[in-house]
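Notes follow the structure.
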Amino acid sequence: MNAPVEKTVSPLAAPVASVWGVGEERAKLLARLNILTVEDLLLHKPRRYEDRRKFLSIRDLKPDEPATVRGKIIAAGIKRFKKGTRAMFECVFDDGTANLHCRWWQAQPWMPDWYAVGREFLIFGKLDNAKKPRTFTHPETELVEPGDDEFVHVNRIVPVHPLTEGLTARVMRTLVWRALEKFENEVAEPEWSQLQVEGSKLKVEKTVATARKEPSTFNLQLATLLPARSNAIRMIHFPEELTDVEIARQRLALDEFVALQFQIQSRRKKFEALSKALPCSGDNRLMKPFLAQLGFKLTAAQANVLKEIRADMGGKHPMRRLLQGDVGSGKTAVAACSALMAIESGFNVALMAPTEILAEQHFRNFSKWFEPLGIKIELQTGSRKTFQPTTTSVARGKLSTFNRQPSTLFIGTHALFTAGFDLPMLGLVIIDEQHKFGVAQRETLVRKGNYPHLLVMTATPIPRTLGLTLYGDLDVSVIDEMPGGRGAIKTFVRATVKLPKVFDFIREKISGGRQAYIVYPRVDVVDTDKDIKAVTKEFANVEKALTGFKVGLLHGRIKPAEKEKVMAAFRANEIKALVATSLIEVGVDVPNATVMLIENAEHFGLAQLHQLRGRIGRGAHESFCILISDAQNADALARLKILEETNDGFKIAEADLKLRGPGELLGREQSGVIDLRFGNLAEDLNLIRQARELVKKIL
């Protein structure tokens with residue numbers, strides 16, 4: 001009998017206390033930064049760098065230009081003010097060329113001892129203004145201590161790491177240096193790198209030299225030109241040139257992206273090995289009459305996507321496809337054609353929507369389209385169920401007395417997940433607004449059948465980097481063409497003081513036969529932030545501003561029956577203005593509505609604002625989106641400016657990723673899916689593509 005093979009544990013997995021200088025108390029401080037092991041310490045990415053090879057003299061400092069100077073304290077003390085108990089600590093540095101005053105408001109008891117006269121410090125900051133005395137307010141400082149490790153902290157480019165109270169930049173830098181000295185040779189190359197890289201020192205030197213010579217044009221194109229992982233870790237902390245930092249970051253980011261792609265592609269390979277596709281490509285007997293009675297011709301983009309879907313649904317493996325299309329691009333028509341392929345093949349279809357409003361709308365549309373073809377439509381939501389099976393399910397995916405011909409389309413919300421609700425002969429699952437659901441929810445619905453085909457759709461365009469990572473196990477189709485006959489949408493950002501004129505404009509449009517949405521970020525006013533408007537309070541104000549016209553109210557706390565009553569009145573043009581929360585952002589389709597007013601617009605995400613704007617411009621009339629905001633925050637203003645400049649959802653999605661980052665963009669349902677130290681999902685498209693191709697070759 002063979003002895004069990006022991007799994008080798010990397011020395012880098014040792015507790016961080018293995019590094020000299022890390023005792024029990026310091027280990028607790030490091031744990032606050034999620035540094036528990038030696039590897040965690042080595043991968044603690046610096047937040048910036050200081051070039052300490054050449055310090056600026058105090059005399060040469062310029063306002064608003066960050067700089068590092070070196071000087072000795074010649075005076076220090078606490079200044080107290082008569083009013084209140086506020087105190088300021090101030091010390092004066094001298095470097096032989098001039099004096100620099102450094103100030104910290106809210107003086108701390110330890111400051112007089114730390115900033116003692118005669119001590120020498122490195123000071124990083126920027127002048128408050130051009131006036132004298134030269135002053136830094138709340139600068140970063142670091143004590144210069146003579147010793148055998150001074151070369152770590154001066155006369156080189158030094159890293160400044162993220163810190164926590166009780167840990168100084170100097171201590172953190174020293175610990176990282178010691179960890180490298182002891183453990184650098186223990187840093188192993190990942191398996192992908194061993195297969196791809198011969199470790200040619202000449203290639204690494206050539207790469208670094210090229211980057212240093214032309215840093216502005218340098219871009220790593222081949223994984224074989226990247227430095228070894230151990231070299232990259234040293235370079236990220238202690239670069240010889242600032243250009244080394246980006247080379248090292250790209251190498252470490254590529255490791256992360258390759259690991260991520262292994263997870264994604266291995267999951268897809270395993271799925272394909274276990275599953276056999278149901279034959280669902282159809283025979284066009286229902287498709288032809290459907291397209292004939294549709295009332296409009298599919299765009300070339302829609303036709304191309306349908307070719308991809310038909311090929312998938314007739315292939316060896318179950319379809320796993322993501323369909324992206326901007327708001328109003330015609331994804332629902334593509335979903336209908338896909339459903340018909342499965343129904344023609346004798347299978348049932350499930351279409352899941354994130355809200356009851358959207359599910360009800362799909363139910364109406366598909367009933368209008370499919371019932372003339374003899375296809376049964378069933379609705380399954382929390383408040384309304386049109387299908388009641390006469391027997392209990394006897395096995396997952398089967399009902400003993402259920403065998404309708406032709407097949408059935410089930411439309412629903414989360415109610416489709418219900419354990420007691422089984423979907424028989426399930427050939428295709430369509431998930432609308434994929435970003436509203438987590439991966440686990442998607443898989444729960446798919447497991448109700450015997451590996452059905454899966455089509456997930458989103459009108460929130462996904463940045464290419466996220467498409468290759470978060471949705472990397474799905475094939476991607478894009479509808480990049482809008483149907484003709486749509487009115488243009490114009491977007492304007494206005495301050496609150498302009499609201500009276502805005503409501504005059506809305507009255508004018510309603511008088512001309514059009515309708516309007518008026519959206520607020522909250523249902524009720526919150527005491528802690530009364531400046532953010534809420535629908536329940538503003539409804540009366542809107543009624544007053546639009547006297548003579550019927551105004552409706554819609555938000556998440558209204559009972560489902562009342563919601564449907566309000567929406568029916570709005571669709572029938574009985575309600576002229578709908579006051580609502582972001583509940584209407586998904587799928588609501590009223591072509592006669594041509595005005596979208598959004599107050600407190602800075603409290604919505606870019607993609608959400610784009611979705612809300614997509615509720616207008618769905619008919620032939622010119623439409624207007626008016627964003628009301630008094631925001632002074634530069635990022636908020638930048639988001640709103642983007643919406644003013646473009647209606648292109650893909651450009652907006654890329655901008656949203658850069659402004660907010662993937663964590664906030666993905667939201668609760670997808671949080672934690674991607675945890676990257678070095679990879680940048682807003683910038684690293686080329687690296688992600690490299691990783692994807694590398695893993696394809698290896699697998």
### Message
Can you find, within region 74-124, the residue that is nearest to the chain's Cα centre (by Cα) among those that are of a type in the set (Val, Ile, Thr) and within 26 Å of residue 57 (Cβ to Cβ)?
### Response
123
### Message
For residue 257, only one of the following conditions fails: (1) touching a helix residue (DSSP H, G or I) at 6+ places or on another chain (Cβ under 7 Å); (2) aromatic (Phe, Trp, Tyr); (3) within 21 Å of residue 484 (Cα to Cα). What is its number?
### Response
(3)
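Answer yes if at least one residue in region 65-79 is under 30 Å from residue 252 (Cβ atoms) and among the hydroxyl-bearing types (Ser, Thr, Tyr), and no otherwise.
The answer is yes; a qualifying residue exists.
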#### Entry: Residue in region 350-365 that is among the charged types (D, E, K, R), farther than 19 Å from residue 570 by Cβ and out of contact with any helix residue (DSSP H, G or I) (no Cβ under 6 Å at 6 or more places or on another chain) present
no
### Message
Among the residues in region 296-310, are any surrounded by fewer than 17 Cβ atoms within 10 Å (Cβ to Cβ), part of a loop (DSSP other than H, G, I, E, B) and of a type outside the set (Phe, Trp, Tyr)?
### Response
yes
### Query
Residues 468, 455: which one is outside the structural domain of residue 619 (by TED's automatic domain parsing) and at pLDDT 90 or above?
455
### Query
Which of the residues belonging to region 608-618 are of a type outside the set (S, T, N, Q) and either within 13 Å of residue 588 (Cα to Cα) or without any contact (Cβ under 8 Å) to a residue 40 or more places away in the chain (or both)?
609, 612, 613, 614, 615, 616, 617, 618
### Query
Which residues, taken from region 272-310, are small (Gly, Ala, Ser) and in contact with a Ser or Thr (Cβ under 8 Å, 6 or more places away or on another chain)?
281, 282, 301
### Among (1) in contact (Cβ under 8 Å) with a residue 40 or more places away in the chain; (2) over 26 Å from residue 651 (Cα atoms) - the single one residue 371 does not satisfy
(1)
### Query
Of these, 698, 642, which one is surrounded by 13 or more Cβ atoms within 10 Å (Cβ to Cβ) and at pLDDT 85 or above?
642
### Query
Among the residues of region 254-271, is there at least one that is part of a loop (DSSP other than H, G, I, E, B) and surrounded by fewer than 20 Cβ atoms within 10 Å (Cβ to Cβ)?
no
### Message
The conditions are (1) in contact with a Phe, Trp or Tyr (Cβ under 6 Å, 6 or more places away or on another chain); (2) closer than 15 Å to residue 522 by Cβ, and residue 584 fails exactly one of them. Which is it?
### Response
(1)
### Task
For residue 349, indicate whether it is hydrophobic (A, V, I, L, M, F, W, C) and not in a helix (DSSP H, G or I).
yes
### Hits in region 581-602 - residues which are in a helix (DSSP H, G or I) and at pLDDT below 90
582, 583, 584, 585
## Note on the structure
Selection from region 311-337 of residues modelled with pLDDT of 90 or more, buried (at least 19 other Cβ atoms within 10 Å of the Cβ) and of a type in the set (Gly, Ala, Ser) yields 333, 335, 336
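This table checks each residue for (1) in a loop (DSSP other than H, G, I, E, B); (2) at pLDDT 85 or above.
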{"residue": "651", "(1), (2)": "no, no"}
{"residue": "654", "(1), (2)": "no, no"}
{"residue": "664", "(1), (2)": "no, no"}
{"residue": "667", "(1), (2)": "no, no"}
{"residue": "674", "(1), (2)": "yes, no"}
{"residue": "679", "(1), (2)": "yes, yes"}
{"residue": "683", "(1), (2)": "yes, no"}
{"residue": "690", "(1), (2)": "no, yes"}
{"residue": "694", "(1), (2)": "no, yes"}
### Query
Got at least one residue in region 491-504 being touching a Cys at 6+ places or on another chain (Cβ under 8 Å) and closer than 19 Å to residue 328 by Cβ?
yes
### Query
Quick one: what pairs do we get from region 224-244, first residue closer than 14 Å to residue 180 by Cβ, second acidic (Asp, Glu) and in a loop (DSSP other than H, G, I, E, B), C-beta under 7 Å, 6+ apart or different chains?
228/189; 229/189
### Query
Filter region 535-561 for residues that are out of contact with any strand residue (DSSP E or B) (no Cβ under 9 Å at 6 or more places or on another chain) and within 25 Å of residue 361 (Cα to Cα); which is surrounded by the most Cβ atoms within 10 Å (Cβ to Cβ)?
558
### Task
Within region 277-295, track down each residue that is exposed (fewer than 11 other Cβ atoms within 10 Å of the Cβ) and not in a helix (DSSP H, G or I).
283, 295
### Query
Any idea which residue in region 392-435 is farthest from residue 455 (Cα to Cα), counting only those that are at pLDDT 65 or above and of a type in the set (S, T, N, Q)?
418
### Task
Report, by residue number, each residue of region 622-635 that is under 23 Å from residue 508 (Cβ atoms) and surrounded by fewer than 19 Cβ atoms within 10 Å (Cβ to Cβ).
622
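The values are calculated or read from the model by the stated rules, or taken from the named source; none is laboratory data. Values in this document were obtained by computation on a predicted structure and should not be read as measured data. Methodologically, a virtual Cβ is constructed for each residue, glycine included, from the backbone with ideal geometry; neighbour enumeration extends over all protein chains shown.
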